[in-house]
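Peer 1: The following block contains the structure, expressed as structure tokens.
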Amino acid sequence: MDRQVSHFLMSGIADAYITSPSMLKNNTSEMLASLKSPLAVICEHGVPFPVSDGVQRSDTDAFRQVWSRIPKEMHGKICFFSPMNSDPQRLLANIKQAAWDMGIDANNAISILPLERNSRVPAMEYAEAYHQAKKEIKSLNKFDFVWCTSDFLAMGLKDALAEHGRQPGKDVFILGYGDLETFPGVSNKPVLSTISANTCEIARNLCEIIMKKLNGQKTNIVTVKSSFIPRSTF
């Protein structure tokens, strides 16, 4: 993979490059710096920005809005349902920080129910979440709010809980991430409450940064805030 990336970068066929901090390691940074094509970086919330310009995502306001809508009596009955690799751990830390910012004891308010993942394919999250939720139904029934790290995962969980008699949005609240249901061909009537990363806004800002660089103009870091989208499940 590293060799393929190197060959692509050195081909010089691109007018500009868009990448993430995870790609700016080993010799990639030096290689990109030697090219004449401009570089735009998109950085996830909570990740240190490795360069002086690009797009930084921020989930803070969206997370605070979610916490403000969760009834206090549900604190302690909130579940973070996710595989626990580095990205979800960072997301959980940001969720907890938003709670602390609002005076909520996050350590007591939210618990973790880890998801066992056997595939790296995002779409497989639905099936894996669905089957594990059915196995963990007794544990899940202890919670009134389940916070998921993706919409695929939340949809699998939602269907499993519904099959066991818990109506999402009434008996249990479910929150996803990604606003998948608004993607073309996914759903005519979105029902899953979620957090949107506002990808169109991210893309627009990345394009503006690239065009400014191509024209020799000064650029900097632009922050794009995600949005909480309430629907039927919360």
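The values are calculated or read from the model by the stated rules, or taken from the named source; none is laboratory data. What you see is a predicted model; the values in this text were computed from it and never measured. Every residue, glycine among them, receives a Cβ derived from its backbone with ideal geometry; neighbour counts consider all protein chains shown.
Peer 1: How many residues, within the stretch 174-205, are in contact with a helix residue (DSSP H, G or I) (Cβ under 8 Å, 6 or more places away or on another chain), on the phi > 0 side of the Ramachandran plot and not small (G, A, S)?
Peer 2: Here the count works out to 1.
Peer 1: Is it true that A99 is assigned to a helix (DSSP H, G or I), at pLDDT 95 or above, surrounded by 13 or more Cβ atoms within 10 Å (Cβ to Cβ) and outside the structural domain of P48 (by TED's automatic domain parsing)? Even if it seems obvious, please write down each step before you answer.
Peer 2: Details: assigned to a helix (DSSP H, G or I): yes; at pLDDT 95 or above: yes; surrounded by 13 or more Cβ atoms within 10 Å (Cβ to Cβ): yes; outside the structural domain of P48 (by TED's automatic domain parsing): yes.
Judged against the criteria, A99 is a match.
Peer 1: With respect to V121, is the statement that it is under 16 Å from K77 (Cα atoms) and outside any helix (DSSP H, G or I) true?
Peer 2: When the stated conditions are applied, V121 does not pass them.
Peer 1: With G178, G169, G165 as the choices, which residue is surrounded by fewer than 20 Cβ atoms within 10 Å (Cβ to Cβ), in contact with a Ser or Thr (Cβ under 7 Å, 6 or more places away or on another chain) and among the small types (G, A, S)?
Peer 2: Working: G178 fails: surrounded by fewer than 20 Cβ atoms within 10 Å (Cβ to Cβ); G165 fails: in contact with a Ser or Thr (Cβ under 7 Å, 6 or more places away or on another chain).
None of the other options fit; the residue is G169.
Peer 1: State yes or no: is T149 surrounded by 22 or more Cβ atoms within 10 Å (Cβ to Cβ), among the hydroxyl-bearing types (S, T, Y) and modelled with pLDDT of 95 or more?
Peer 2: Details: surrounded by 22 or more Cβ atoms within 10 Å (Cβ to Cβ): yes; among the hydroxyl-bearing types (S, T, Y): yes; modelled with pLDDT of 95 or more: no.
Answer is no for this residue.
Peer 1: Looking at L157, L113 in this structure, which one is among the hydrophobic types (A, V, I, L, M, F, W, C), out of contact with any His (no Cβ under 8 Å at 6 or more places or on another chain), within 13 Å of I78 (Cβ to Cβ) and surrounded by 13 or more Cβ atoms within 10 Å (Cβ to Cβ)?
Peer 2: Of the residues listed, the single one that is among the hydrophobic types (A, V, I, L, M, F, W, C), out of contact with any His (no Cβ under 8 Å at 6 or more places or on another chain), within 13 Å of I78 (Cβ to Cβ) and surrounded by 13 or more Cβ atoms within 10 Å (Cβ to Cβ) is L113.
Peer 1: State whether one or more residues within the stretch 124-145 are in contact with a helix residue (DSSP H, G or I) (Cβ under 8 Å, 6 or more places away or on another chain), closer than 23 Å to A62 by Cβ and assigned to a strand (DSSP E or B).
Peer 2: yes
Peer 1: Then there is this: Identify all residues within the stretch 156-173 that are closer than 12 Å to F81 by Cα and without any contact (Cβ under 8 Å) to a residue 60 or more places away in the chain; write none if there are none.
Peer 2: Of everything in the stretch 156-173, just one residue is closer than 12 Å to F81 by Cα and without any contact (Cβ under 8 Å) to a residue 60 or more places away in the chain, namely G156.
Peer 1: Another question, if that's okay. Please count how many residues of the stretch 184-224 are of a type in the set (S, T, N, Q), more than 14 Å from A16 (Cα to Cα) and surrounded by fewer than 16 Cβ atoms within 10 Å (Cβ to Cβ).
Peer 2: The qualifying residues number 6.
Peer 1: Within the stretch 70-88, track down each residue that is surrounded by 13 or more Cβ atoms within 10 Å (Cβ to Cβ) and assigned to a helix (DSSP H, G or I).
Peer 2: Here is the first cut: in the stretch 70-88, the residues surrounded by 13 or more Cβ atoms within 10 Å (Cβ to Cβ) are 70, 74-84, 87-88.
Scanning the stretch 70-88 gives M74, D87, P88.
Peer 1: To continue, here is another question. With the requirement that a residue be of a type in the set (A, V, I, L, M), within 21 Å of the chain's Cα centre (by Cα) and more than 20 Å from E208 (Cβ to Cβ), what does the stretch 22-63 give you?
Peer 2: M23, L24, V47, A62
Peer 1: Has the stretch 147-158 got any residue that is outside any helix (DSSP H, G or I), more than 26 Å from T223 (Cβ to Cβ) and in the same structural domain as A123 (by TED's automatic domain parsing)?
Peer 2: no
Peer 1: Go through (1) outside any helix (DSSP H, G or I); (2) at pLDDT below 85; (3) surrounded by 14 or more Cβ atoms within 10 Å (Cβ to Cβ); (4) not basic (K, R) one by one and return the number of the condition P48 breaks.
Peer 2: The single condition P48 does not satisfy is (3).
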